[in-house]
Amino acid sequence: MKESSLEPQYFKLKKEIIPKTPKLRWNIGKCLVKRVQILYNKSVLELNITAKNSQGEETMLEQFYYDKADEIIAEHGKKQKALIPIMQDIQNEYRYLPPELLSYVAVQIGVTEAKAFSVATFYENFSFEKKGNYVIKVCDGTACHVRKSTLILEKLYKELGLSKEKHTTDDMKFTIETVSCLGACGLAPVLTVNNKVYPSMNPEKVAALLTELRGEGQ
């Protein structure tokens, strides 16, 4: 693959940029593509990821994001081997990894943007998509699946107006994700809310849980 440059446009990277790269998990979501280098098998694809809000307007991070990034970088030191721990701490802080901050971190610790973005997209745990206050993860592993975890997911989608394509509510309160295993097979079907485990779930319990969470947010 030759070096390429793309005109700014919207698309989902995991479906349209490099559809034949199974080793990479493209979870960036919908972004404006300009120019950032991402390396793959010694080939270079020049991209730049700029966040957009739901109205399609380009967003800029406020200064406190960079101040917090400086604090995290200081804790780990300005060294290349600290890239992953720094990304983990930033995601723990904001529940997602702002692309602008990843570019900033790369400069501060002396790695290329290509390296930083290739690492972030390789590990499934990292996400460039902003998430809601409550991140609900529904297990769809074997134990949960045979106990009808799909009914739980369908109930969540219906109650929150979400789908496989839309993961976060417009008010940024809820994000729905599916995972292959939560390590609690004996409690199946199970889901987590911000890493708190809810065992033996069913559609009725899901409705009650959402009512409880909505009450906490008021």
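For segment 178-186, the condition holds for at least one residue, the condition being that it is at pLDDT below 95, surrounded by 13 or more Cβ atoms within 10 Å (Cβ to Cβ) and either under 16 Å from the mean Cα position of the chain (by Cα) or under 18 Å from Lys158 (Cβ atoms) (or both). For segment 76-113, a residue qualifies if it is in contact (Cβ under 8 Å) with a residue 60 or more places away in the chain and over 19 Å from the mean Cα position of the chain (by Cα), and exactly one does: Thr112.
Residue-level analysis places Phe117 among those that are surrounded by 15 or more Cβ atoms within 10 Å (Cβ to Cβ), more than 22 Å from Ile176 (Cβ to Cβ), under 15 Å from the mean Cα position of the chain (by Cα) and not assigned by TED's automatic domain parsing to the domain that holds Asn195. Going through (1) more than 23 Å from Val190 (Cβ to Cβ); (2) in the same structural domain as Ile73 (by TED's automatic domain parsing); (3) among the charged types (D, E, K, R) one by one, Arg95 falls short only on (1). Here the helices (runs of 4 or more DSSP H) wholly within segment 100-218 that include at least 1 residues being in contact with a Ser or Thr (Cβ under 6 Å, 6 or more places away or on another chain) and under 30 Å from Lys81 (Cβ atoms) are 113-122.
The values are calculated or read from the model by the stated rules, or taken from the named source; none is laboratory data. Just so it is clear, the structure is predicted and the values come from calculations on it, not from any experiment. Methodologically, a virtual Cβ is constructed for each residue, glycine included, from the backbone with ideal geometry; neighbour enumeration extends over all protein chains shown.
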